[in-house]
Every structure is written in structure tokens, then in C-alpha cells.
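These notes are about the structure you will find just below.
The values are calculated or read from the model by the stated rules, or taken from the named source; none is laboratory data. Computed from a predicted model, the values in this text were never measured in an experiment. So basically every Cβ, Gly included, is an ideal-geometry build from the backbone, and we count neighbours across all protein chains shown. The accessibility values were calculated without ligands, DNA or RNA, using every heavy atom of the protein model including side chains. Shrake-Rupley method; radii C 1.70, N 1.55, O 1.52, S 1.80 Å.
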Amino acid sequence: MNRTDAYAEVLQLGVVEMYGLLLLLALVVVVVGLNLLGSAPGWQERIGTTARWLAVVSFGVATVTALAMPLAIGGLPGPGTVGWLAVPVLATGVALFAPFHQQAKVIALWAAAFVVCAFVMVAGLSIGLFFGPAALLAVGAAVTASQARSRTRVA
């Protein structure tokens, strides 16, 4: 094994570890963070904004993951791989830029969460697991937006 191959192998391991850490961070943000914030005073006024920020972060994580994928797979992706990489980016992007009507936004966020989670399961053995953090954040955004909608409907 020459020096370049060894460096590439170390770099790939670093990318996998980085996404493992990102997955853990996304899990903490979605599960623990939202539960703690849910009991904070004044949370009801900020729940819609929180859902929006989770959608923005989900889109950002999906985009960065798709752009970093050549490092993870050790080369330039082919046209088929680029098409697959576009699925979670497009799903989270459409949800992020959904119409401003609250019900349409909630439906778009749930659809994006479903698409990204399905992508993670279908492509899980190859590139899908790298999109786990984006899937968790998309689910968090959908749940939070649903909470905001149910609170505005009750009030």
C-alpha cells in the first residue's frame, strides 16, 4: 500500500466517524433538545420558528452530506449516484420552501421526512446511512410543525 492509498483510507474513516458524530448530535437535538425546550416558558410562541430552523438545518445537512459523498465513497460518483444523492436534498429543499400556509407546510415537512427516512432505509447499506442526521432533523421539523399547528388550532 502506497502513501496515497493509506491517506485515502484514513480520510474515509474520518468521514464515517464525522457522520456518526453528526448523527448523534442530530439525535440529541431532536429528542432531548425539543423535550427540554417544550417545558420552557414561552415555548409556544417560538415553536413555529423552531420548526423552520430544524427544516433549514435538515436541508443544510442533506446538502453538505451530498457534497461530501465523494470523500466517503473514495472517488467521483457516477451519474446514477448523483441522482440518488439528489433525492434527500430535493425532498428537504421542497419542504423548506413550501407555501406559507401552515397546513401545507406541515404536509410538506412530513412528506420530506418520509422520503428521507425511506431513502435511508432503501440505500442504507451504501450511502443511505450518511443521510441519517438529515432524516432525524426532518422528522424533528415535522413533529415540531405539527405541534405548532395543533397549538394554533386549539387557541
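The string of couplings for the range 57-67 from the Karplus curve (6.51, -1.76, 1.60, θ = phi - 60°) is 5, 4, 4, x, 5, 5, 5, 5, 4, 5, 6 Hz, one whole number per residue in order, with x for Gly and Pro.
Solvent-accessible surface (1.4 Å probe) assigned to residue 24 amounts to roughly 100 Å².
Extension gain, residue 63 to residue 24: 0.36 nm times the residue separation minus the Cα-Cα distance gives 12.2 nm. The 1.4 Å probe gives accessible areas that order 146, 126, largest first, as 126, 146. Along the range 112-128 the Karplus relation, 6.51 cos²θ - 1.76 cosθ + 1.60 evaluated at θ = phi - 60°, assigns HN-Hα couplings of 5, 4, 5, 4, 5, 5, 5, 4, 4, 6, 5, 9, x, 7, 10, 10, x Hz to successive residues, with x for each Gly and Pro.
Shown in residue order for the range 78-85 are the 3J(HN,Hα) couplings computed by the Karplus curve 6.51 cos²θ - 1.76 cosθ + 1.60 at θ = phi - 60°: x, x, x, 5, 4, x, 5, 5 Hz (x for Gly and Pro). Surface calculation, 1.4 Å probe, protein heavy atoms: residue 97 sits at approximately 150 Å² accessible.
To the nearest 10, the accessible area of residue 69 is 0 Å² with a 1.4 Å probe.
Extending 7 Å from the Cα toward the beta-carbon at both residue 126 and residue 49 defines two label points whose distance is 4.2 nm.
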